[in-house]
Each structure stands twice: as C-alpha cells, then as structure tokens.
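Q: Handing you this structure, nothing more for now.
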Number of protein chains: 2
Amino acid sequence: MTIKDIARLSGYSLGTVSRVLNNHPDVSQAARERVMAVVQEQGFEPNTNARHLKLQAQSAIAVLVKGSQNLLFAGILERIQSLLQDSEEEVYVAYLDEDADEVQYAVQLVKLRRPKGFLFLGGDLECFRREFHQITVPCVLLTNDAQSLGFGNLSSFTTDDTAAAGAVIEYLYRHGHRRIGVLGGNLASEQISLKRLRGVQNTMQRLGLPFDARSQHVPCRFSMAEGYAAARRLLEREPELTALFALGDVIALGAMRAIYDLGLRVPEDISIVGYDGINETRFCIPRLTTIRQDAAQLAARGVQTLLQAIHYKHPPVYETIDFALLEHESVGSVEPQ
Amino acid sequence: MTIKDIARLSGYSLGTVSRVLNNHPDVSQAARERVMAVVQEQGFEPNTNARHLKLQAQSAIAVLVKGSQNLLFAGILERIQSLLQDSEEEVYVAYLDEDADEVQYAVQLVKLRRPKGFLFLGGDLECFRREFHQITVPCVLLTNDAQSLGFGNLSSFTTDDTAAAGAVIEYLYRHGHRRIGVLGGNLASEQISLKRLRGVQNTMQRLGLPFDARSQHVPCRFSMAEGYAAARRLLEREPELTALFALGDVIALGAMRAIYDLGLRVPEDISIVGYDGINETRFCIPRLTTIRQDAAQLAARGVQTLLQAIHYKHPPVYETIDFALLEHESVGSVEPQ
DNA sequence: CTGAAAGCGCTTACAG
DNA sequence: CTGAAAGCGCTTACAG
C-alpha cells in the first residue's frame, strides 16, 4: 500500500494525495475528503524512509541517558517521553555508561540516524569541549551547565549544584555537625559531581571547617553497591565523622545500609544527606533528607526549548532550576565540640 | 557527501562503490582498497533512509517496556542494550504505562518504523490474543508465557510465576504464618500478576489455609506509593495478618514503610516477601526476602532467540527461567495457632 | 569485474 | 486547485 494506490483508489493524482497528507492549503475540500476517506479505509501509513529521504529530513529526537541505574534520570526520561509523545515527535533513547563519552556517541548517531536534536541527561563538559563542534543540530543538556562552553546550538538546564551542596553543608552545620564526610563522584572528569564537591569545599572553608578531601571524601559511582562500600571504607577509616553527604541518593541508600551493618543508627549516630530527591527517599527508613532536583521542570523546560530550537532558530538559553532541601528524618542534631 | 561523491573521488562508478560498501564478493581488490580509502578519508556514512527505502528494509529492534518505574525491567533493559550493541543492532526503546496496550502500540510502530523485531518487557496476554495477528516480524515476550497463544512468530521466556508465588506461600507457612495478605496486581487484565495470584490461591488451598481474596488481597500498581497505600489499607482492615506477600519488590518497599508508620516492625510484627529480586532488596533495612527473577538470563535468551528468528526462520520457543527464593531478613517465625 | 539504468515511495516547484 | 515530472541516495539485476 503506497501513495500510488491511494491515488488510483481515490481518482486523484499522486501529487494531490501527497498534498492532502501534508495538509497543504491548496487542495479542494472535495479532494481532501475523498483522499482521507480512502486513507482511513485502507489504514494507509506513508513510508517514513521515503519521506525522510525526500525531505532530507532528520528523524527522531535522541535522548542520551548517562547511567541506566540513575533513578533521577529515569524520572526525567519518563516525563520527556510523555511530552514528546504529545508533540508527536519520535524518540530514540540510548543508555550509556556513567563514565562513557556521550558526545562521541552522539557524533556517531548523527551519521547513522540524523536525529533532529539531542537531549543529554547528564554530561561531562570535557567531552563537549572536545567534540561537540561536530554536532550542528539543536541540543539541550540537562543537569549540567553549558554556558561556559559557548556553543550556539547547546542550551542547558541545571540545578545550581555548587549552591545546593553548600546548602547541605550549612544545614548540617546548623545541626551541630563539624566532621562531615563526603561520598561519591568522580574527580577525574568534569562531571556534575565536581561542582557539588566544590560547593562542599567552599562552604566548609567559609564556615571555618577543615576539609581534607583525601581523608574525608571517598569517590564512587552512582549505585547502591558502591555507596555501600564507600561508606564502610570511610566510616572505618574516620570513625569521628558525625555526618555524611552522599552526592547521589542511590549512594546514600547504600550508605545507610552500611551504617546499619556497622552497628550504627541513622540519625542517632550518623546523619546522612542525599542528592536528587528520587522517590525512594520518601519510603526508606528513616526517610532520607536530600536535595530535590525538579525533574518535572527540567524535563518540561528541556523539551520545550529543544522543540523551539528545532522549529525556529533561537540563541541558546542557560537556566538554573530551583532546588529544595527536603528535610526528612536522616539528620539529627549534635552538640558541636 | 553521497555515494556519488565517493564514486567521483575514487574514479569508480556508483555501482562499484555500493558493492564495496555492501561487501559484495564480485569486486576487484584494487577497487575495494581505493574506494575504502576514499570512504575513510571523507568519513562517509551512507544515508540510512535511502538504503532502507531501496531495500524495503526494516530498521531497528524495538523494545517495549511496560512501566517506566519497573526496576526489574530497567535491569533487563540494560543488559538487552548491551547485548544488542555488541551485535550492532539498532535499538528503539519505548516506555509504556503499566496498563497500556503494548500490542496496539507495536502495530502502530510497525507502520511507522518497520522494526525488524520486537522485545516485549512485560505483556498482557489479552492484548496479544486480540491484536498480535497483525504483527508478522519475529517477537519475544519476556516475563510472561506466550505458549497458550500459539503464534508462530512469538517466543517467550518467563519465570514460572505460579510456582514462585506458591513457593513464597509455602515458605511463609513453614515459618508458621497462617494469615497472609497479598498486595498488588491488577485482576482486570491477564497480566503476570494474575498468575502469581493463582499460585497463591492454589497453594493456600493445598495447605488448607482459608483465603478470601476480597478481604486478604489489595490490588495496586507497581510503585512504592501505591504499595504504601495498599499495605496501610490492608493492615488497618485486617490487623490479624502476620505476613504480607507483595507481588513486586517496589510494592514491598512501600509496604515496609507503611508497616513502620503503623508502629509495627519487620519482621517481628509483620513478615513480608517481595517479588523480582531488584537491587534495592539487598540494601533496604531489613533486607527484603524475595523471589529473584534471573534478569541476565531473561535478557540473554531473549536477545539470542530474537536475533536467530530474524536471521533464520525458527519455530517459536517457550522457556521457563529458574527463579530463586532469596532468604533475607524480612521474614520471621511465628507460633502457628 | 564493472558501468549504466531502473526504481524504492515520497514531496514539491513548475505549468496550466 | 491539480497533474506530470524530477529527484532525494541508495541497491541490484542486466549487459558486457
């Protein structure tokens, strides 16, 4: 079943059928009705390959997700899918490893599938700096700030990671904590974790707290298993810590179990704060105090901006999405020494 | 940059370039080398739209995931992605609502994108029975059994849900539990939850335990929030229950928090068993006793079978993948009355 | 082994 | 408002 069959069946020419299908204004009402009737009756769907070939058109919107176990991204992705479905865009999703080079992957994808735009869930600025110039379609980076890169086709929406991490440290400080350990992140690359760590260091310094990253910080990937191991290592090595800041909720969830297995209690013996605000934090015992990133907002602004940039040329936008510190049950007060 | 440019640059004709690109045997070594050199030098990638149009070819393998919050599926999906990446297949992933009609979606996708095969993560047999005849490409259904449907192009790999649910009830019985509540699932449609529920009922009957689904079972979707609400409702209504069986781990995680909020302890006051064996069950407090579905095995056999069916015609296979009851910390013993 | 040519299914100036 | 025709980039019988 092709457009040719529809033409024959409807008594109109190829061209007219195509125009009806594409909602061209210059078609008579009669032709429109007749053709649509045949299309309906036959359940005809135009061949996308031919259409794209002719239009030199790009196909779907590609979403590159860094880290398949990242539950924050899962939540954002769910909303993106639903928003793009509403606007009838095709979506192509790929999961990459947490430490993969997402821009390199995107460059490959451009050659292979010609997506009309990219949505990056997570991204390493270093990769963008190195290879992003090869990409010319509109792109949006979520949960990291692309302003410093200055690419004309790359917008970004992110939480202010440095401020949020600072807010966590201040919050712990107000509750009397002076010896705070930090879990997670990767110092080798310019990922979001670096900014959070910078927020920690700045704020510690401002509050006059000593912070020796070598002893008080254990890097790890964003998983419960690594959070568990990192917390154990840190607490065994530095038993005088009264609070932990995990740079991701999943790390915190693993850490909470590690604390329990060390015979300690949250928050009586050790306080802990997470980052992201995923669902799980509202159901674990105790509920996890955490920084909530606004997944709905990130998804909505990201999709909206990408679609606009695809349809009309727009300068890039860089927006900061508000975060909130959700005070749950995992932080206790201690007497500052 | 098209094949025409490569022809010009290499001094060979269009046809020869195409033959080189497609690894046809009837090309001289000289032509092959010269053409490949130019292709390399120019970084040429053939246009997929044109190629597919000409070949009438299907494109990617489509993976339809039922329920974006399903962490078991997330684990299976991660493995599928990596396996298909190794075999250089393109993957198209779509998340559907837990209660969506996945077969209807697949039928749409066939018209739109002509995938060369489908991998269904979760599926409602009723939908398959009604509409699957419209799909002719090879398909694999994971976590449900398609044998009873008898479609020649639909294989399936699943845990024996009825047996696994039965094993849970027996396990609780051996620990003295006689009054057992069940959380989750949807009785309206022929989803996997129905089989688990049947396993519960059969085994209860065999053990001589009364089971009144109307009072002892609260259906809910597979999320922590719904698990929380369902558990609260059930325990407030039936305070004499000593154990809960949640038909999914996420439901169990929500339920554990509900139990805590009711002032009860797991497993001292209430025992609870989950289903799926997701990562979280190894880190929550207490660790959740659960049925482990073998995600690695499901993914591996599913992908392998689908690829074979795509490349050579094969009769469908229906396999049962072994489950395991992971005895963790959420079940206690009680004195049977 | 290679080139010239047809055709996959569609869109869109160009005429009328 | 409509039809005839060119052409998007590729593959593959068909000749030679």
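Q: Sorted by packing (mean other beta-carbon atoms within 10 Å per residue), highest first, where do B:296-309, B:63-76 land? Provide the component values of the computation, followed by the final result.
A: Numbers: B:296-309: 20.0, B:63-76: 23.4.
Ranking the peptides B:296-309, B:63-76 by packing returns B:63-76, B:296-309.
Q: Also, I was wondering about something else. For segment A:89-100, what does the Karplus curve 6.51 cos²θ - 1.76 cosθ + 1.60, with θ = phi - 60°, yield as ³J(HN,Hα) per residue in whole Hz, taken in order and with x for Gly and Pro?
A: 8, 6, 10, 10, 10, 9, 9, 10, 5, 3, 9, 6
Q: Shortest first and in nm with one decimal, please list how far the residue B:261 label point sits from its counterparts in the other copies (point 7 Å along Cα→Cβ).
A: Copy-to-copy label distances for residue B:261: 2.9 nm.
Q: Copy-to-copy spacing for residue A:87, label 7 Å out on the Cα-to-C-beta vector, in nm, shortest first?
A: Computed spacing set for this position: 3.5 nm.
Q: Karplus couplings for segment A:300-316 from phi (6.51 cos²θ - 1.76 cosθ + 1.60, θ = phi - 60°), rounded to Hz, Gly and Pro as x?
A: Each residue of segment A:300-316 in turn: 5, 5, x, 5, 4, 5, 5, 4, 4, 5, 6, 8, 10, 6, 9, x, x Hz.
Q: May I ask you to list the GluC sites (Glu not before Pro) in segment A:268-337 that are in a DSSP loop and have at most 10 other Cβ atoms within 10 Å of their Cβ?
A: Working: sites: A:268, A:280, A:319, A:327, A:329; in loops: A:268, A:327, A:329.
Within segment A:268-337, the qualifying GluC sites (Glu not before Pro) (loop, at most 10 other Cβ atoms within 10 Å) are A:268.
Q: While we're looking at this one, here's another question. Between the helical axis of B:71-86 and the dominant principal axis of chain B, each derived from Cα atoms, what acute angle in degrees is found, rounded to the nearest 10?
A: Between the helix axis and the principal axis of chain B, the angle is about 20 degrees.
Q: Also: At 7 Å along Cα-to-Cβ for each site, give me the label-to-label distance between residue B:308 and residue A:42 in nm.
A: Modelled inter-label distance: 4.0 nm.
Q: In addition: So, how do all the Cα-to-Cα distances of segment A:25-75 break down into 5 Å bins, in percent, from 0 on up?
A: It works out to 4, 13, 11, 11, 15, 12, 10, 8, 7, 6, 2, in whole percents.
Q: Which far-off residues, 5 or more places away or on another chain, put their amide H under 5 Å from the one on residue A:63, with H placed in the peptide plane?
A: Correct list: A:92, A:93, A:94, A:119.
Q: Now for a separate question. Give the Debye-formula value of log10 I(q)/I(0) at each listed q (0.10 Å⁻¹), with one equal scatterer per alpha carbon of the protein assembly as shown, two decimals each.
A: Ignoring solvent entirely, the Cα scatterers give -1.05.
Q: Where q = 0.10, 0.14 Å⁻¹, what log10 of I(q)/I(0) comes from the Debye formula for chain A, counting one point per Cα?
A: Per q value, in the given order, log10 I(q)/I(0) is -0.66, -1.04.
Q: Then there is this: Can you work out the FRET efficiency for the pair residue A:240 and residue A:206, with r the C-beta to C-beta distance and R0 = 22 Å, to the nearest 0.05? Provide the component values of the computation, followed by the final result.
A: Working: r = 22 Å, r/R0 = 1.00.
It comes to 0.50.
Q: Can you list, shortest first in nanometers, how far residue B:310 lies from the same residue in the other copies, with each label 7 Å from Cα toward Cβ?
A: Values, ascending and in nm: 2.4.
Q: Taking neighbour Cβ counts within 10 Å as the exposure measure, how do A:124, B:212 sort from fewest upward? Walk me through the intermediate numbers first.
A: Values: A:124 24, B:212 8.
Listed from fewest to most nearby Cβ atoms, that is B:212, A:124.
Q: Kindly provide the Kirkwood hydrodynamic radius of segment B:161-293 in Å, to one decimal, from all pairs of distinct alpha carbon atoms. Intermediate results must be reported in sequence, preceding the final value.
A: Details: mean 1/r = 0.0706 Å⁻¹.
The Cα-based Kirkwood calculation yields 14.2 Å.
Q: Would you mind checking the tilt of helix B:249-261 against the longest principal axis of the Cα atoms of chain B, expressed as 0 to 90 degrees and rounded to 10?
A: 40
Q: Can you list the residues, at least 5 places off or on another chain, whose amide H is less than 5 Å from the amide H of residue B:156, using H built in the peptide plane?
A: B:141, B:146, B:317, B:318, B:319
Q: Let me ask something else. For segment B:41-116, divide the Cα radius of gyration by the Kirkwood radius and give the resulting Rg/Rh value with two decimals.
A: Values: Rg = 15.0 Å, Rh = 14.1 Å.
Here the Rg-to-Rh quotient is 1.06.
Q: When the scattering of segment A:109-235 is computed by the Debye formula from its Cα atoms alone, each counted once and equally, what is log10 I(q)/I(0) at q = 0.20 Å⁻¹?
A: -1.12
Q: Using only atoms on other chains, find how many Cβ atoms lie within 10 Å of each Cβ of peptide A:328-336 and report the average. List each step's numbers first, then the result.
A: Values: counts 0, 0, 0, 0, 0, 0, 0, 0, 0.
For this peptide, the per-residue mean of nearby foreign Cβ atoms is 0.
Q: Using every Cα-Cα pair within segment A:3-55, state what percent have a distance larger than 18 Å. Intermediate results must be reported in sequence, preceding the final value.
A: Numbers: 337 of 1378 pairs.
That tail contains 24 percent of the Cα-Cα pairs.
Q: State, to one decimal in nm, how far the label point of residue A:213 lies from the label point of residue A:130, with both points 7 Å from Cα in the Cβ direction.
A: Output for this residue pair reads 2.0 nm.
Q: Calculate how large, on average over all directions, the projected area of the Cα convex hull of segment B:239-337 is; give the answer in nm² to one decimal. Mind showing how you got there, number by number?
A: Details: hull surface 32.3 nm².
With every direction weighted equally, the projected area is 8.1 nm².
Q: Could you give each residue of segment B:194-201 its phi-based ³J(HN,Hα) in whole Hz, using Karplus coefficients 6.51, -1.76, 1.60 with θ = phi - 60°, and x for Gly or Pro?
A: For segment B:194-201, the Karplus-derived couplings read 4, 5, 5, 5, 5, x, 4, 5 Hz, x marking Gly and Pro.
Q: Taking only DSSP H segments of four or more residues, each worth -39500 (n - 2.57), what value at 222 nm results for chain B once the sum is divided by all its residues, to the nearest 500 deg cm²/dmol?
A: Working: 13 runs with 150 residues, N = 337.
So the calculated ellipticity at 222 nm is -13500 deg cm²/dmol.
Read the figures in this text as sums done on the coordinates, not as results from a lab. Since we're looking at a predicted model, the values are computed, not measured. All Cβ positions, glycine included, derive from the backbone under ideal geometry; neighbour counts span all protein chains shown.
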